[in-house]
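> There's a structure below that I have some questions on.
What follows is calculated from the coordinates using simple rules that are stated; it is not laboratory data. Computed from a predicted structure; not experimentally measured. All Cβ positions, glycine included, derive from the backbone under ideal geometry; neighbour counts span all protein chains shown.
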Amino acid sequence: MTKAAPTVCTIADMNANPDDLLVLLEVSRSAKFTTAAQALGLNHTTVSRRIAALEKSLGGRVLARAAGGWELTELGERAVRVAEQVEEVLATLGPGGRAPDPITGVVRMTATDGFSAYIAAPAVARLRRKHPGLSVEVVTMTRRALQQRSGLDIEVVVGEPQVHRAEAVRLGEYMLGMYASRAYLAEHGTPGTVAELNDHPLVYFVDSMLQVDDLDAPRRLVPAMRDGLTSTNVFVHVEATRAGAGIGFLPCFMGDLHDDLVRLLPDRIAELLPYWMVLRPDSMRRPAVAAVVQALRDQVTMHRDALLGRSAR
């Protein structure tokens, strides 16, 4: 039996006010009425009233409460696809008959501290030079991929994510290794074997707060190494290592930037981890999101050697 092709809804198929549809579209992107109201130049009450009017005209709920805000129902997803058609048509009505830049609006993403600073920030800066109407919000955190990602367009996580109703794409890899400052090694000696690392304090993540199993390498490779200074922020790891707090387990693309740091036992301690990108199913339909995704991919490719610890010192 041949499976029927999915029905494509158009504005003519929905008995809905186009303005109400555009309000729903903005709410779907931020997951919050207040944020959508600010983006649209409306107040929270007006957004709520527009959504209520839309639900009345469509005969069902378009939004449902979720942990991070509002999520689309099945009816809401269909309505948003129609809203995107409305937005696309309006985008062709630029001044002087010229279509405005489609790469505009707010893109929201989360990523680890190091990735955000060294990959995402320069990638977005370069993209915005061509598309000044684009705004990117980056929230830094090291965690597993979310199962509910209302209001979030892109997640970059370490390790392969297990997600539902989302697209996961392998973005690239990066290397981690053991580093110590030259001053620290002059005072405490340079470990020549993995076993000798046990005589030195570790600078790394707080073990009890680490949510990503792939980042447990020091406790697996050198289990007897005691914690010296721990933090949830990788920039603290780098600066603590430079200050002589102990031996840091650092991303090579961060450790190799500092001439006062020495990588230890690179042939014995070298942990290769993947970056994955998680996207909402509807995110890539937005030109702005697609452009940011491509910019991140290009930046990872451009800096592949540094990410893998092959950059020249």
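> Take ARG297 and ASP101, extend 7 Å from each Cα along the Cα→Cβ direction, and tell me the distance between the two endpoints in nm.
The answer from the label model is 2.1 nm.
> To the nearest 10 degrees, how steeply does helix 287-302 sit against the main Cα axis of the chain, on a 0 to 90 scale?
20 degrees
> Projecting each Cα onto the charge dipole of the range 103-313 (Lys/Arg +1, Asp/Glu -1 at the beta carbon, about the Cα centre), which of MET109, VAL234, THR190 comes out farthest on the positive side?
Positive-most Cα among the choices belongs to MET109.
> Right, next: At 7 Å along Cα-to-Cβ for each site, give me the label-to-label distance between LEU90 and ARG310 in nm.
4.8 nm
> As a check on your grasp of the helix formula, calculate [θ] at 222 nm for the chain: sum -39500 (n - 2.57) over DSSP H runs of n ≥ 4, divide by the residue count, round to the nearest 500.
Details: 11 runs with 109 residues, N = 313.
So the helix-based figure for the chain works out to -10000 deg cm²/dmol.
> Pull up all non-local amide H partners of MET141: gap of 5 or more, or a different chain, and H-to-H distance under 5 Å with H placed in the peptide plane.
Hits under the 5 Å cutoff: ALA111, THR112, ASP113.
> Using the Kirkwood radius over Cα pairs, work out the Stokes-Einstein diffusion coefficient for the range 11-97 at 37 °C and 0.692 mPa s, in µm²/s as a whole number. Let's see the in-between values first.
Details: Rh = 13.1 Å.
Calculated translational D: 251 µm²/s.
> Can you list residues whose amide H is under 5 Å from GLY244's amide H, if they're 5+ apart or on another chain and H is modeled 1.01 Å from N?
It is SER181, by chain and number.
> On to the next question. Taking only the C-alpha atoms, wrap a convex hull around the range 97-141 and report its volume per residue in Å³ as a whole number. Show your work: numbers first, answer last.
Values: hull volume 2.4 nm³, N = 45.
Once divided by residue count, the hull of the range 97-141 is 53 Å³.
> What is the distance in Å between the Cα centres of the range 137-195 and the range 27-97?
Using only Cα atoms to place each centre, the spacing works out to 34 Å.
> At R0 = 51 Å, how high is the FRET efficiency between ASP19 and ALA224 if r is their beta carbon distance? Nearest 0.05 is fine. Show your work: numbers first, answer last.
Working: r = 65 Å, r/R0 = 1.27.
Efficiency, rounded to the nearest 0.05: 0.20.
> With only alpha-carbon pairs counted, each pair once and no self-pairs, how large is the Kirkwood hydrodynamic radius of the range 103-313 in angstroms? Display every interim value, and only then the final one.
On the way: mean 1/r = 0.0556 Å⁻¹.
Over the range 103-313, the inverse of the mean reciprocal pair distance is 18.0 Å.
> Please tell me the relative contact order of the range 11-97 in percent, rounded to the nearest whole number, where contacts are Cα pairs under 8 Å and at least six residues apart. Each step should come with its number before you reach the end.
Numbers: 91 pairs, mean separation 30.1, N = 87.
Reported as a whole number, the value is 35 percent.
> Oh, and also: Calculate the dipole size of the range 103-313 relative to its Cα centre from +1 charges on Lys and Arg beta carbons and -1 charges on Asp and Glu beta carbons; express the result in debye to the nearest 20.
Numbers: 24 positive and 24 negative charges, 191 e Å.
Computed charge dipole of the range 103-313: roughly 920 debye.
> May I ask you to order 245-257, 296-308 by the average number of other C-beta atoms within 10 Å around their residues, highest value first?
Working: 245-257: 23.6, 296-308: 17.3.
Those peptides, ordered most packed to least, come out 245-257, 296-308.
> Using modelled backbone amide H atoms (1.01 Å from N, in-plane), which distant-in-sequence or interchain residues come within less than 5 Å of TYR174's amide H?
Answer set, sorted by chain and number: LEU273, TYR275.
> Which angle from 0 to 90°, rounded to the nearest 10, does the C-alpha axis of helix 74-91 make with the longest principal axis of the chain?
80 degrees
> Also: Taking 8 Å as the Cα distance limit and 6 or more residues as the minimum spacing, I'd like the relative contact order of the chain as a percentage.
Result for the chain is 20 percent.
> Can you give me the Kirkwood hydrodynamic radius for the range 260-313, using every pair of distinct Cα atoms, in Å to one decimal?
On the way: mean 1/r = 0.0717 Å⁻¹.
Averaging 1/r across every pair of different Cα atoms and inverting gives 13.9 Å.
> If the only charges are +1 at each Lys and Arg Cβ and -1 at each Asp and Glu Cβ, what is the size of the charge dipole of the range 11-97 around the Cα centre, to the nearest 20 debye?
Values: 9 positive and 11 negative charges, 69 e Å.
Here the range 11-97 has a charge dipole of around 340 debye.
> Using only the alpha-carbon atoms, how far is helix 44-58 inclined from the longest principal axis of the chain? Give it as 0 to 90 degrees, nearest 10.
That works out to roughly 60 degrees.
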